[in-house]
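Here's the structure we're looking at; comments come further down.
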Amino acid sequence: MKALILAAGFGVRLMPLTEKTPKPLFPVGGIPVLLRMIRSLETTGCTEIAINTHHLAPRIQEFIDSQKFSIPVNCFHEPEILGTGGAIKNLEDMFWEAPFMVVNADVVTDLNFAKLIKIHKEHGHAATLVVHDCPPYNNVLVRDDAVVRFASEPGPDMLAFTGIQIIDPIIFDFLKKDCFQSSITAYEEMMAARLRITAWEPNHIWWHDIGSFQGLSRACLETGAMQLFAKALGLAHARSLRVTHLAGGGSSRQWFRLSLEDHSMVAVDHGLAQDDSWTEADAYNAIGKHLHTSGVPVPEILGYDRFSGLVYVQDLGDACLEQVVKTKGYEQALPLYEKTIKSIAKMASIAAKGFDTTWTYQTPSYDEELILEKESRYFFEACVNRYLNQPAKFEDYLPELRVLARNTVEGAIPGFLHRDFQSRNIMVYQGQCFFIDFQGARMGPVQYDLASLLIDPYTALPSAMQDLLLELYMDEFSQYRQVERNAFLRRYQYCALHRNMQMLGAFAHLSKNMNKPGFEEFISPALAGLKERIRHFPEAPGLAALVESLPLPQ
């Protein structure tokens, strides 16, 4: 049986990705979807494959020319796009003798094509359309295994047309030459002429349409997971894969748990890569591997798909340090904090060795300008101005803020800096603490991560516990670098001050602008902490007066 792969579309829903790369060449699991389809048809026993092209046709032709196939695979360029029906009619000379298969180039599936061919040959009707229950696309009404109607919108009791079909040459009687037309229109005319269009719904088919960002991301997510599971478990079926969306934090990234049999992994979805520039996902992958190699307790990275922005990591369960504190109390959480403190000290020193600053996503180091823009200005604009509706201007306080920023980093002991080291980013698994969300790492003062952990409003550690852990950190870090106690403690206070401002900016932004009200409850305690902390910085009297005047949210 011969086959036609429809690959001429513009991919409008996937702009701007499709401006330079045609949709059929998007890699899913590292393999272009067009190549996946060709290989499936090739192994099924297809004798010849035609591909219609229009948008970025030279790119598709170049790709086909670069591959080797066991059967003829030829591209047919359409100077003017003809639609699905026009594309079929355009190749009448190739398909007029016998039933032929037509498939969309933008689907990935585990469909048994050989069984589809067998079913069509057995019933001998005008066409066999493969359908599937997928609510966003369910617009085909089926009765007694026959298509009754194509609807313009999805509806109840309908199924989705997968874009996979076998058609008898009789369809050419219902198509016009050299004009744009839809194959659906031809099917409707065939049904009006009392020709039966069979609908076949395979059991538990795995199928994804990559024509949208959501569909493409989901196809990449599941395909990548199945490839990793196949390496670990051998033969596995995608239809058995279980996908659970996990609750996220303050970022726009998404988290998924993927399970197969008794095995599981977690995927961190950073979003599709828009170009070749370094991405947050690149940073997560590179830094995560470096930390794991350095002996820092982080989840092992199992796989990375740059195009989709997916990083697959070891599943560490659902318990974070915040949950341990809230369910078991400070006393039982203390041993975990002590383990964490020892690991931070090790990470700050050991992970700094061999750390390549080109891996960083934003800036290579925590410096004066970063403090001013990402912490001080963030606090003013997101919290003081927008959330608290106070008119104070960042620029009016810039001289004092600059002095504080300079005193934070000038002469500091440099080390590896996680930058968002708080209880929700510390997973507790089998009695050990593991660090996640390290994609924002860079070089910086070794006190910053410690300050982030100790003043973390999610757990609100008592002052005595903070003091105990601070002393423990100094003891631990002194194994790696010489520590001058007073200078270390003063630098810690500067880091805590700026982390406090950063937190307030983040909580305010997430609450007011990102519609994440769960962060709002932490604004008042964080602001109360800043009011107490700012009193210890005589070089910033104006800022201290402003902070003291800010109203605590109720």
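Excluding residues on the same chain fewer than 8 positions from LYS512, give the aspartates and glutamates whose Cα lies under 15 Å from its Cα.
GLU381, GLU520, GLU521
Any idea what diffusion coefficient region 213-314 gets from Stokes-Einstein, in µm²/s, Kirkwood Rh on alpha carbon pairs, 37 °C, 0.692 mPa s?
Rounded to a whole number, D works out at 233 µm²/s.
Hey, how many Å between the Cα centroid of region 132-150 and the Cα centroid of region 447-519?
Taking the Cα centre of region 447-519 as reference, the centre of region 132-150 is 57 Å away.
How many Å³ per residue does the convex hull of the Cα positions in region 283-415 occupy?
187
So I have (1) 89, 50, 43; (2) 68, 65, 45; (3) 121, 53, 50, and one of them is Cα extents along the principal axes in Å calculated from this model. Which one is it?
(1)
Please compute the length gained on full extension between LYS121 and GLN314, using 0.36 nm multiplied by the number of residues separating them and subtracting their Cα-Cα distance.
That works out to 64.8 nm of additional length.
If each residue's Cβ is checked for other Cβ atoms within 10 Å, how do LEU34, LEU310, LEU260 rank with the fewest at the top?
Result, fewest neighbours first: LEU260, LEU34, LEU310.
How far is helix 183-192 tilted, in degrees, relative to the longest principal axis of the Cα atoms in the chain, given as a value from 0 to 90 rounded to the nearest 10?
Computed tilt is about 50 degrees.
Seen from all sides and averaged, what is the projected area of the convex hull of the Cα atoms in region 2-209, in nm²?
11.3
Evaluate region 400-554: find the radius of gyration of its Cα atoms, find its Kirkwood radius, and give the ratio Rg to Rh.
0.96
At what distance in nm do the modelled label points of ARG194 and GLU300 sit from each other, each positioned 7 Å from its Cα along Cα→Cβ?
6.7
Under 12 Å from a point 7 Å along the Cα-to-Cβ line of LYS20: which residues of region 271-301 have their amide N that close?
Taking a point 7 Å out along Cα→Cβ of LYS20, the residues of region 271-301 whose backbone N falls under 12 Å are 273-278.
Restricting to bridges with both residues inside the chain, how much of the DSSP beta-bridge set is antiparallel, in percent to the nearest 5?
In the chain, approximately 75 percent of DSSP beta bridges are antiparallel ones.
Based on the mean of other Cβ atoms within 10 Å per residue, sort peptides 368-375, 11-18, 62-69 so the most packed one is first.
Packing order, densest peptide first, comes out as 368-375, 11-18, 62-69.
Can you compute the FRET efficiency between ILE170 and SER240 using 1/(1 + (r/R0)^6), with r the Cβ-Cβ distance and R0 = 41 Å? Round to the nearest 0.05.
Efficiency, rounded to the nearest 0.05: 0.55.
Peptides 286-292, 397-403: what's the order by average Cβ count within 10 Å, highest mean first?
286-292, 397-403
At 7 Å along Cα-to-Cβ for each site, give me the label-to-label distance between GLU521 and ALA230 in nm.
It works out to 4.5 nm between the two label points.
Using helices alone, I'd like the mean residue ellipticity at 222 nm for the chain: each DSSP H run of four-plus residues gives -39500 (n - 2.57), total over residue count, nearest 500.
-11500 deg cm²/dmol
Within region 473-533, report the GluC sites (Glu not before Pro) that DSSP leaves as loop and that have at most 13 other Cβ atoms within 10 Å.
Here the GluC sites (Glu not before Pro) that fit, given the DSSP loop and packing criteria, are GLU484.
For each of CYS320, CYS75, count neighbouring Cβ atoms within 10 Å of the residue's Cβ, then give the residues from fewest to most.
In increasing order of surrounding Cβ atoms, one gets CYS75, CYS320.
Given a Förster distance of 60 Å, report the FRET efficiency between ALA98 and THR327 from their Cβ-Cβ distance, rounded to the nearest 0.05.
Rounded to the nearest 0.05, the efficiency is 0.35.
Which whole-number percentage describes the relative contact order of the chain, with Cα contacts under 8 Å and a sequence gap of 6 or more?
10
Fewest Cβ neighbours within 10 Å first, please rank GLU381, GLU300 accordingly.
Sorted ascending by nearby Cβ count, the order is GLU300, GLU381.
Hey, can you rank 48-54, 385-391, 313-319 by average C-beta count inside 10 Å, highest first?
Going by the mean number of other Cβ atoms within 10 Å, highest first, we get 48-54, 313-319, 385-391.
Measuring from label point to label point, each 7 Å out along Cα→Cβ, what is the THR363 to GLN493 span in nm?
Here the answer is 2.4 nm between the modelled labels.
Where a number appears in this text, it was derived from the coordinates with a stated rule and is not lab data. None of these values were measured; they are calculated from a predicted model. Glycine also receives a Cβ, built like all others from the backbone with ideal geometry; neighbour counts cover every protein chain displayed.
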